[in-house]
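Student: Below: one structure in structure tokens.
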Amino acid sequence: MSIMERIAIFPGSFDPFTRGHAALVEEALNLFDRVIIGIGNNTAKQGLLSVENRQRLINDVYRNNPRIEARIYTGLTGDFAEETGACAIIRGVRNTTDFEYERTMEATNHRIYPSITTVMLFTPAPVADIASSTVREVLSFGREVDEFMPEGISLKKYL
């Protein structure tokens, strides 16, 4: 009898990947055997980092953890989940605004992909205030952002 590996995807733009994102990945590893960080590639949006550099940054964070990988994808997140064999989509919730948005997305995904479960994880309090948009704004004013980044990661390397 073989045991099926429980895979979850954690989708987002991750522009850039922050300590908040990393905290959610750590929580997800308590629930799943593998976590695939899905970097959405919206070609209509110009981001701070290229999707390739976002992937490189995430791979650098998790270079010693074979349970985590970063992949770039386009299209619907549910399709990406099916392609990877994932049974769940991880979504982070920092506040009530996030919750309302994520609840609506979960309902839509459940209609289209009934076999895939959305798991909402609350971002831990010490990093719940960190958002990629905030990091980009602070950076735009020439300030250092390393305190928002995962341990040992300097954003300058990926710009």
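The values are calculated or read from the model by the stated rules, or taken from the named source; none is laboratory data. Here the structure is a predicted model, which means the values were calculated and not measured. Virtual Cβ from ideal backbone geometry, glycine too; neighbours counted across all protein chains shown. These accessible areas exclude ligands, DNA and RNA; they are computed on the full protein's heavy atoms, side chains included. Shrake-Rupley method; radii C 1.70, N 1.55, O 1.52, S 1.80 Å.
Student: Multiplying the sequence separation of Glu137 and Glu26 by 0.36 nm and subtracting their Cα-Cα distance, what value in nm do you get?
Tutor: Difference between extended and current length: 37.4 nm.
Student: Something else: Given a 1.4 Å probe and every protein chain left where it sits, what share in percent of the accessible area of the range 19-73 is carbon and sulfur?
Tutor: Of all accessible area on the range 19-73, carbon and sulfur atoms account for 41 percent.
Student: So if I place +1 on the C-beta of Lys and Arg and -1 on the C-beta of Asp and Glu, and nothing else carries charge, what would the dipole magnitude of the chain be about its Cα centre? I want it in debye, nearest 20.
Tutor: 220 debye
Student: Measuring from label point to label point, each 7 Å out along Cα→Cβ, what is the Met120 to Glu52 span in nm?
Tutor: That separation, rounded to one decimal, is 3.8 nm.
Student: Tell me which residues come under 5 Å, amide H to amide H, from Phe122 once H is placed; ignore anything under 5 positions away on its chain.
Tutor: Hits under the 5 Å cutoff: Val93.
Student: The range 1-33 to the range 58-129: how many Å between their Cα centroids?
Tutor: Each part's Cα centre sits 8 Å from the other's.
Student: Sticking with this structure for a sec: Against the longest alpha carbon principal axis of the chain, how many degrees, from 0 to 90 and to the nearest 10, is the axis of helix 19-29 turned?
Tutor: So the helix axis and the longest Cα principal axis differ by about 20 degrees.
Student: Once every DSSP H run of n ≥ 4 in the chain is given -39500 (n - 2.57) and the sum is divided by its residues, what mean residue ellipticity at 222 nm do you get, rounded to the nearest 500 deg cm²/dmol?
Tutor: -10500 deg cm²/dmol
Student: Right, something else. On a 0 to 90 degree scale, rounded to 10, what angle separates helix 96-112 from the longest Cα axis of the chain?
Tutor: Result, in degrees: 40.
Student: Taking a probe of 1.4 Å, how large is the accessible area per residue of the chain, in Å²?
Tutor: It amounts to 58 Å² per residue over the chain.
Student: Among Pro114, Leu24, Ser140, whose Cα projects farthest towards the positive end of the dipole of the chain, with charges put on the beta-carbon of Lys, Arg (+1) and Asp, Glu (-1)?
Tutor: Ser140
Student: What are the ³J(HN,Hα) couplings of the range 51-62, residue after residue, when phi is run through the Karplus curve with 6.51, -1.76, 1.60 and θ = phi - 60°? Round to Hz, x for glycine and proline.
Tutor: Coupling constants for the range 51-62: 4, 5, 6, 5, 5, 4, 4, 5, 4, 5, 4, 10 Hz.
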